[in-house]
1. Counting other Cβ atoms within 10 Å, which chymotrypsin sites (Phe, Trp or Tyr not before Pro) in the stretch 1-73 have at most 15 and lie in a DSSP loop?
2. For A20 and D131, compute 0.36 nm times the residue count separating them, minus their Cα-Cα distance, and round to one decimal in nm.
3. Report the full-extension gain for the segment Q10 to V47: residue separation times 0.36 nm, less the Cα-Cα distance, to one decimal in nm.
4. When ligands, DNA and RNA are left out and all protein chains stay put, how many square angstrom of accessible area per residue does the stretch 1-97 have with a 1.4 Å probe?
5. Once you order the gyration tensor axes a ≥ b ≥ c over the Cα atoms, which shape class does the chain get: rounded for a/c under 1.5, otherwise prolate or oblate by comparing a/b with b/c?
6. Determine the dipole magnitude for the stretch 1-58: charges of +1 sit on the beta-carbon of Lys and Arg, -1 on that of Asp and Glu, nothing else is charged, the reference point is the Cα centre, and the result goes in debye to the nearest 20.
7. Give the separation of the Cα centroids, the stretch 36-85 to the stretch 92-111, in Å.
8. Leaving out ligands, DNA and RNA, what percent of the accessible area of the chain is carbon and sulfur, probe 1.4 Å?
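The values are calculated or read from the model by the stated rules, or taken from the named source; none is laboratory data. What you are looking at is a predicted structure, and each value in this text was computed from that prediction instead of being measured. Ideal geometry is used to build each Cβ from the backbone, glycine not excepted, and the neighbour counts take in all protein chains shown. Side chains included, ligands, DNA and RNA excluded: accessible areas come from the protein's heavy atoms. Shrake-Rupley method; radii C 1.70, N 1.55, O 1.52, S 1.80 Å.
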Amino acid sequence: MSLYNPSRDQARQFLFDAWAKFQLQQTLTALEKIAVEVIQMHPEYHVIFSSPEKYMHQQYFPEMGETNPFLHITLHLSVVEQISINQPIGITPIYDKLRQKYSDTHTAYHDVIDCLAETIWHAQRNNEPLDSAYYLKLLNQKSN
């Protein structure tokens, strides 16, 4: 698996494997621990991560109101890492403000995820690299 650019199936397999190891009470790597913590926040996805044979190749269509649980968990992992290293610079204090605003870690994460998803969409639509200033602007709007 490419560490920096895994395929869709590799990314899904990582999540399936981490969840299976957790269920079997096997030792987890640091990244697997974070993935399991994020999956635990989403009990609605537990059946999916427990059934790789059924969900490995499942397609999700946002235009039909479907949330892609793999994308959602992967965005969560990205946000956890961004906050842990304060990249882009300023994200950690903004996240802290969101946590205080909601008195809830998970809701604060979801606000950050929404801003990240919009930033990615904006970059793709304009065929540009990710714009951290735009991302931080969206985050600041959410935190006020």
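1. Details: sites: Y4, F14, F16, W19, F22, Y45, F49, Y55, Y60, F70; in loops: Y4, Y60.
Passing sites in the stretch 1-73 are Y4, Y60.
2. On the way: separation 111, 0.36 × 111 = 39.96 nm, distance 3.60 nm.
This chain segment gains 36.4 nm when fully extended.
3. Values: separation 37, 0.36 × 37 = 13.32 nm, distance 1.91 nm.
Here the answer is 11.4 nm.
4. Working: 5860 Å² over 97 residues.
Ligands and nucleic acids excluded, the figure is 60 Å² per residue.
5. The shape class here is prolate.
6. Details: 5 positive and 6 negative charges, 12 e Å.
Charge dipole of the stretch 1-58: 60 debye, to the nearest 20.
7. Answer, in whole Å: 20.
8. On the way: 4690 of 8740 Å².
Here it works out to 54 percent.
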